[in-house]
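Values quoted throughout were computed directly from the atomic coordinates according to the rules given, and no laboratory measurement underlies them. Note that the structure is predicted; figures quoted are calculated from it, not measured. Glycine gets a Cβ as well: all are built from the backbone with ideal geometry, and neighbour counts include every protein chain shown.
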Amino acid sequence: MVRRHLLLALGALVVVVLVLETTSQFRNAQFAAMAYYAIAAAGLTILTGLNGQLSLGHGALMAVGAYSTALMLQSREGTLPLLVILALATVITVVVGALVGVAAARLHGPYLAGATLALAVAIPGIPLYFSEWLGGEQGLNVRMPEIPVWLADAAYFVTGQELTQIRYLAYLGWLGVIVVFVLLANLSRSRVGRNWQAVRDDEVAAELAGINLGRARVQAFVVSAGCAGLAGGLLALSARLAAPSGFTLTLSLLLLSAVVLGGLGSLVGALVGAALLTFLPQVVTGAGTDLGLTDVQAAQLAPLIYGLVTVLVVLLAPAGLAGGLRKLIHWRRSS
Amino acid sequence: MAETFEMSGVSVNFGGLVALSDVSLSVAAGQVLGVIGPNGAGKTTLFNVACGFVRPDTGTLTWRGEELRKLRPHQLAGLGIARSLQELGLFDRMTVLDNVLVGADRHATTGFWPALLGLPRRAKDERALRDRAMAALEEFDIADVAARYPASLPYPVRKRVALARALVGEPDLLLLDEPASGLSSAEMAEIGELVRGLTDRMSVMLVEHHMDLVMSVCDDIVVLDFGKVIARGAPAEIQADPAVQAAYLGEDVVTGADSR
């Protein structure tokens, strides 16, 4: 099983290189965005699908990762290596997630949703309060560090193309996706993931089987928070900014909808959801302008279509797009 | 005896309501103890105390000679105590095999980090658990449904899954909550045989409504009424006890039908 995950990861790496090297700067930027959405959605789908906890606060946890990254990149004279900064941002978010998780472990269903909703509302308020330090409404600008020379040289040697900042970011993001997905796939196929599912399905029976409910819930929340933190760090790098307006409740809700669209508990579903989140608005807006709508009208079309797609998926494929696809393949094979 | 489970002087009050009052009992190694009594006699509360779901107001629990203080339900499995639930409590969105694997988790030797990183020793651990779970499924004759989901199976089969999940952890004490509910008389006889077959490996304490099953399976019986122990002894003694007959008031203690 683990070997299969590693092989898939290797295959994915090849595809990522091929796609990123053959697409434009603009597409590279979109792929970078898809990467951080995918990481956050993967963490959320594990939490909600496997462990049954509903979080409306993952946008806020992304903010923690984003601000951590931004703060670590403020210094003008030399910063830590970027990978170290992203790892630290993840760890910081894990700590915040553990604190929230301990509180959340005692809550269920709507109460948990309420508590995490409070998180989503409260955390963007923190930079406003500590505006000297965290940049207030304008947020913190993120200086993207230079690409290490050895990496730029190596990339040129392999691909024959200059490694641009945006492509570098996209690589970083997709490296993150691959690592996170392998780790999460390992977890969900292990006894840890199995015990999380048991807690989701029947608390009393899970407890009698020796599972500490609180610990299992906190564990799932912490893993999920770590993903959100990494995603937030990557978002800050992509947007070159960490500002409260980027982490409103809407972000949390979008992530949740991506997870539902893709299919709860499915990592492939998280990827599908992230792709929809990234590409659908642009495709729809483009189609709208082609149909002769004004720019403003076309821009308003995207949320409408996104909503419609969500309604249709929930009605027609309750297991999400990934689940629906799997069912279709089964059906084709058996008939 | 080493593997003895004891409750002594256990009292539980819910508000002003006395659920259990000074209840004492003990289950010796290899013994089957039945707990019976009319509806509302406190049988379920007794089980919940034994599992740590309800903390007694007074009284102590002792297991293998050590007092269980502040017992919490998730510690039971580690102590070698398993409990089956009357409503089965199967994990509906997990396969039968995964259900049983959760029960076998007590024997897992690797934790979170090997699982996250997919280390080789995790795979070895997982294989051992899987073998154990498959063996339990074979024992209950349900290996052919290992990949199915519980909801798609008939009730008696689901019941076996629940039992397999409780037994795969190889407990030393099994608490059975109404093992015969919803089963036909033939299936009930099977359960009876199964319980008797467990006594060389573990002790069993069971709560049951079906008198014929209780009488044929148990070595010892404790009768509860209004939270108090009104009789205890071997099945024959219990059947002859006038206090028990009075408590059941007209119900035929020997063949008593399911009172639910």
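Using the Cα gyration tensor of the range A:3-95, with a ≥ b ≥ c the square roots of its eigenvalues, what is the shape: rounded (a/c below 1.5), prolate (a/b larger than b/c) or oblate (neither)? Working shown, then result.
On the way: a/c = 1.72, a/b = 1.05, b/c = 1.64.
In terms of gyration-tensor shape, oblate.
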At 222 nm, what value in deg cm²/dmol follows for chain A if DSSP H runs of at least 4 each add -39500 (n - 2.57) and the sum is divided by all its residues, to the nearest 500? -25500 deg cm²/dmol
Radius of gyration and maximum dimension Dmax of chain B, Cα, Å: 19.1, 65
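Taking neighbour Cβ counts within 10 Å as the exposure measure, how do B:Cys218, A:Cys227 sort from fewest upward? Kindly include the intermediate steps, with their values, before the conclusion.
Values: B:Cys218 25, A:Cys227 34.
Final ranking by Cβ density, sparse to dense: B:Cys218, A:Cys227.
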For the range A:112-180, just the Cα atoms, rotate onto the principal axes and tell me the three extents in Å, largest first. 51, 32, 14
Report the convex hull volume per residue for the range B:74-217, counting only C-alpha atoms, in Å³. 112 Å³
Inter-part gap, Cα centre of the range B:163-182 to Cα centre of the range B:42-61, in whole angstrom, is 18 Å
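Throw me the Rg/Rh for the range B:1-68, computed over C-alpha atoms with Kirkwood Rh, two decimals. Before the final figure, lay out each step's value.
On the way: Rg = 12.0 Å, Rh = 12.4 Å.
In the range B:1-68, Rg relative to Rh is 0.97.
With a ≥ b ≥ c the root eigenvalues of the C-alpha gyration tensor of the range A:194-328, is it rounded (a/c under 1.5), prolate (a/b larger than b/c) or oblate?
Values: a/c = 3.13, a/b = 1.64, b/c = 1.91.
Cα axes put the range A:194-328 in the oblate bin.
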Which is farthest toward the positive dipole end of the protein assembly as shown among A:Leu255, B:Leu183, B:Ala162, measuring Cα position about the Cα centre, with Cβ charges +1 (Lys, Arg) and -1 (Asp, Glu)? A:Leu255
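At a Förster distance of 45 Å, what's the computed FRET efficiency of B:Ser216 paired with A:Leu99, Cβ-Cβ distance as r, to 0.05?
0.20
Would you please give the FRET efficiency between B:Phe226 and B:Ala28, computed as 1/(1 + (r/R0)^6) with r the Cβ-Cβ distance and R0 = 25 Å, to the nearest 0.05?
FRET efficiency, B:Phe226 to B:Ala28: 0.40.
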Tell me, Kirkwood radius of the range A:78-126 from alpha-carbon pair distances, in Å? 12.5 Å
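Between A:Leu83 and B:Thr4, what FRET efficiency follows from the Cβ-Cβ distance if R0 is 45 Å, with the result rounded to 0.05? Walk me through the numbers on the way to the answer.
Numbers: r = 58 Å, r/R0 = 1.29.
Calculated value: 0.20.
Summing -39500 (n - 2.57) over the DSSP H runs of n ≥ 4 in chain B and dividing by its residue number, what mean residue ellipticity at 222 nm do you reach, to the nearest 500 deg cm²/dmol? The partial results should precede the final answer.
Details: 10 runs with 95 residues, N = 260.
Helix contribution divided over all residues of chain B: -10500 deg cm²/dmol.
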Working from the pairwise distances between different alpha carbons, so that the mean of 1/r is found and then inverted, what is the range A:1-159's Kirkwood radius in Å? 18.4 Å
One finds the C-alpha centres of the range B:1-31 and the range A:207-276 to be spaced, in Å, by 47 Å
In whole Å, largest first, what are the principal axis extents of the Cα atoms in the range B:141-187? 30, 26, 17
Going 7 Å from the Cα of A:Ile329 toward and past its Cβ, which residues in the range A:268-292 have a backbone nitrogen under 16 Å from where you end up? A:268-273
Given points 7 Å out from each Cα along the Cα-Cβ axis, report the A:Tyr156 to B:Glu139 separation in nanometres with one decimal. 6.8 nm
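Can you tell me what percent of all Cα-Cα pairs in the range A:152-249 are more than 18 Å apart? Could you put the intermediate results ahead of the total?
Details: 2992 of 4753 pairs.
Counting pairs separated by more than 18 Å, the tail of P(r) holds 63 percent.
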Quick one: check the C-alpha center-to-center distance for the range A:121-160 versus the range A:8-83, whole angstrom. 13 Å
Using a cut-off of 26 Å between alpha-carbon atoms, which lysines can reach B:Lys228, once sequence neighbours fewer than 8 places away in the same chain are excluded? B:Lys43, B:Lys70
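Rounded if a/c is under 1.5, else prolate if a/b is larger than b/c, else oblate: which is the range B:91-170, with a ≥ b ≥ c the root eigenvalues of its Cα gyration tensor? Walk me through the numbers before you get to the answer.
Numbers: a/c = 2.45, a/b = 1.93, b/c = 1.27.
Prolate, since a/c reaches 1.5 and a/b exceeds b/c.
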Shape descriptors of chain A over alpha-carbon atoms, Rg and Dmax in angstrom, are 20.2, 65
For the protein assembly as shown, alpha-carbon Rg and Dmax in angstrom: 29.2, 97
What's the magnitude of the charge dipole for chain A around its Cα centre, counting Lys and Arg as +1 and Asp and Glu as -1 at the beta-carbon? Answer in Debye, nearest 20. 1060 debye
For each of A:His5, A:His330, A:His108, count neighbouring Cβ atoms within 10 Å of the residue's Cβ, then give the residues from fewest to most. A:His330, A:His108, A:His5
